[in-house]
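The values are calculated or read from the model by the stated rules, or taken from the named source; none is laboratory data. Given the structure is predicted, the values throughout are model-derived calculations rather than measurements. Positions of Cβ are generated from backbone atoms using ideal geometry, with glycine treated the same way; all protein chains shown enter the neighbour counts. Quick note on the areas: whole protein, heavy atoms, side chains included, nothing else; ligands and nucleic acids left out. Shrake-Rupley method; radii C 1.70, N 1.55, O 1.52, S 1.80 Å.
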Amino acid sequence: MASKTFLSKSFLSVYRSLRSNWPLLSLHRSSKDHHHHLKTHLSGLSGKPLVVDVEGGLLRSSSTFPYFMLVALEAGSILRGLLLLLLYPLLCCLTRELAIQAMAVVAFAGIKEEKFRAGRAVLPKFFHEATAGLEVLTSEAKIKMCISRMPRVMVEGFLKEYLQVEIVVARELKVFAGYYTGLMEEEEEAGGVVLMEEMESLHGSILGFGRSKSSLHPLLSQCKEVQLVSEAEKRKWHGVPRPSGGATFPNPLVFHDGRMAFLPTPAATLAMFLWLPFALALVLLRCLLFLCLPYSISVPLGAVTGVTNRLLRAPSPRQDGFGGRLYVCNHRTLLDPIYVSGALNRPVVAVTYSVSPVSEALSPIRTARLARDKEEDRRRMGRLLGRGDDLVVCPEGTTCREPYLLRFSPLFAELAEEVVPVALSAGVTMFYGTTASGFKCFDPFYFLANPWPRYEVEFLPAVATGAMVREGRSSCEVANLVQGKIGAALGFQCTALTRKDKYLMLAGNEGVVEQKKDNWQRS
């Protein structure tokens, strides 16, 4: 007790010494006025440290329920999420502090600490979409510190890896025998000494952003001048747009994981649980349609169930009549080859590196496994083409949800005289049909469980890869050319990131994608 009292007094002494140089600016009512207001106050303060309250000054909504629900659903189970939803009326009756503590217990209790990856693989996407005014804040000042009432494991990955925030002040979760208990440590215990040292190292004018005075974190409550922003004002802010190449964020968001494609607010989560019984029946119906009926019948009937299929451009006639044709497409879901086959209205062979036995057994088209050995893969694909089979290959080697194209493996450029680039776009409203850490055999079912899943297929003009190779161009140059054509058709940015980068990123083993910053855009 004596140590806590001494620590609290030490904090106050540091904060009071900074009060005269630590004004808290307000965030204005309208989006345009809000940005102009920030620029007016931040102009001339370039490079100065900025302290931001995550819930009160960075996110459009101060409600933390959706983020705890994401943890409950993605790191826990659907039953854990249902329990949190049923407790929502009770949470509304509790104080802010007690509600957060209760949500932490429900979301985290019993989850193994070393396997928790939602903070780096799932939540950053939703924090990104909920962030408001960041392009102004980061252009005029540097975010030095962020303060949050959520557990550190939920917010630190996004703040440090994507915003490059140096100091994150948040609560620590208690761990017992390697598992989270859901209980959070007292704020005085959450890195207090380190925080005090960091606060003493700040120089110059320090700017803070927060919400109402009653809900301010103790750090911000010590400000000499406090101008408040209400929830009604925050709802008028515009979120940060998803720019091409990630111009707003210091590190762009290329990879993320999880099944939820929407922010699970209480109303949206309730709608999802009410939809699930209908979704199960709809998945069964859609699977039977595509498995048992020809494309000429299944595609129109699928549209009646809500599946949107669009053929933006039909393939051009081939110049030669020898062997099979090679279709090269970007990779959005496991259903890519099936949709290419449906657009062609004829069977094709899907070339895959890895696919679950369940997906392979249920596939309405043939699949051919590759060995990840260049010579063996060339032999297998060459044999299929020689027999007259049309092949569909996804040279990225893995799916990518965001508007980016990963590096294309150049093997396809050495197999045929010409290849047909295929630009694919997939859209979902409730569930993602891809995963890096979950059960991949369920990917097609999650995609078909969406109320209105969407696929767009565009066949681009054939590329004479054989002639290019004979002219002296390397297979890597040809692969980059095909990647660029697909990227231009979709409006996606081409990168040199690979399947390995994706899994390292989402597994959390070797840091973030910023380690390959020179690969964001290929020259």
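Brief remarks follow.
- Under 5 Å, built H, 5+ apart or other chain: amide partners of residue 149: 55
- Accessible solvent surface per residue of region 50-102, calculated while the other protein chains remain in place, 1.4 angstrom probe, Å²: 38
- The phi torsions of region 477-493, fed into the Karplus equation with coefficients 6.51, -1.76 and 1.60 and a -60° offset, translate into couplings of 5, 5, 4, 5, 5, 5, 4, x, 5, 5, x, 5, 5, 8, x, 9, 9 Hz, rounded to whole numbers, with Gly and Pro shown as x.
- Here the peptides 304-313, 490-499, 327-336 are ranked by packing, the mean other Cβ count within 10 Å, and the order with the highest first is 327-336, 490-499, 304-313.
- Label separation (residue 477 vs residue 129): 4.2 nm, computed from points 7 Å beyond Cα along the C-beta direction.
- Qualifying GluC sites (Glu not before Pro) in region 382-457, DSSP loop, other Cβ atoms within 10 Å at most 15: none
- Debye log10 I(q)/I(0) at q = 0.12, 0.15 Å⁻¹ for region 298-377, Cα point scatterers: -0.44, -0.67
- Above-threshold pairs, the threshold being 21 Å between Cα atoms, out of 112/500; 125/502; 374/485: 112/500; 374/485
- Within the accessible area of region 279-386 (1.4 Å probe), percent carbon and sulfur: 63
- Extension gain for residue 261-residue 375 works out to 37.1 nm (0.36 nm per residue, less the C-alpha to C-alpha distance).
- Convex hull volume per residue in cubic angstrom - Cα atoms of region 322-449: 113
- Protection proxy ranking of 476-486, 106-116, 280-290, by the mean of other Cβ atoms within 10 Å over each peptide's residues and highest first, is 476-486, 106-116, 280-290.
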